[in-house]
Amino acid sequence: MGWQFADADDFHSAQAIAKMHAHFPLSDADRLPWLARLHQAIRTWQGQKRDVVLACSALKERYRQVLKAGDPAVQFVFLQISFALASQRVAKRAAAGGHFMPPDLLQSQFDDLEVPTEAIVVDMDKHEPLDVQIEQVRRQLGL
């Protein structure tokens, strides 16, 4: 898309990372300061007139509302994925040593997930090429 990429995981506190690394899922209370930091980052990017793709779990509707804060310019793309495929990807990421969340926390993520009703949906289980997925999102965003 030619936009800047940011990963919401980079906004977690050291305490939240340690909690997940110790195999404990985050609570809503744990996530609130993280969501506030993400909201502030979104506002900063908007003030700088920067287009950014923020990779973020935003599992619950109330999390998405904190991020959006009523701003129609903030759009969500839901990467719909089966538990089986997500498990494969998380296990691969863990084996590479590239992430703090252990694979056994994945079920808690699926348990917390509230499927968004107002989002562009990309079905990851179709295994479409990345350029096809990006074009689908661009088209639905009217770009």
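What is the list of residues in the stretch 70-106 whose amide nitrogen lies under 13 Å from a point 7 angstrom out from the Cα of residue 114, following Cα to Cβ?
None, by backbone N distance to the label point.
Can you work out the Karplus-derived ³J(HN,Hα) for every residue in the stretch 57-69? Use 6.51 cos²θ - 1.76 cosθ + 1.60 with θ = phi - 60°, whole Hz, and x for glycine or proline.
Values, residue by residue: 5, 5, 5, 10, 4, 5, 5, 5, 5, 4, 5, 6, 6 Hz.
Can you put 44, 117 in order, fewest other beta carbons within 10 Å first?
Neighbour counts put them in this order, fewest first: 117, 44.
Once phi is turned into ³J(HN,Hα) by the Karplus curve 6.51 cos²θ - 1.76 cosθ + 1.60 with θ = phi - 60°, what whole-Hz value does each residue of the stretch 12-29 show in order, with x for glycine and proline?
Couplings: 5, 6, 4, 5, 5, 4, 5, 4, 5, 4, 7, 6, 10, x, 6, 8, 4, 5 Hz.
Based on Cβ point charges of +1 for Lys and Arg and -1 for Asp and Glu, what charge dipole magnitude is obtained for the chain about its Cα centre, in debye rounded to the nearest 20?
Using only the charged Cβ atoms, the result is roughly 380 debye.
Running a GNM on the chain with Cα contacts under 10 Å, which residue among 72, 116, 102 ends up with the highest mean-square fluctuation?
Largest GNM mean-square fluctuation: 72.
Give me log10 I(q)/I(0) at q = 0.10 Å⁻¹ for the chain, Debye formula, one equal scatterer per alpha-carbon, no solvent.
-0.36
What's the center-to-center distance, using Cα atoms, between the stretch 83-104 and the stretch 7-54 in Å?
19 Å
Residues in the stretch 63-96 near a label at residue 51, defined as backbone nitrogen under 18 Å from the 7 Å Cα→Cβ point?
What the label zone holds, given the 18 Å backbone N cut-off, is 72-78.
If every alpha-carbon in the stretch 8-58 counts as one equal scatterer, what log10 I(q)/I(0) does Debye give at q = 0.14, 0.26, 0.28 1/Å?
Per q value, in the given order, log10 I(q)/I(0) is -0.39, -1.01, -1.11.
Only the coordinates and a few stated rules stand behind these numbers; no lab work does. Quick caveat, the model's predicted, so the values are computed rather than measured. Quick reminder, even Gly has a Cβ in these numbers, built from the backbone with ideal geometry, and neighbours come from all protein chains shown.
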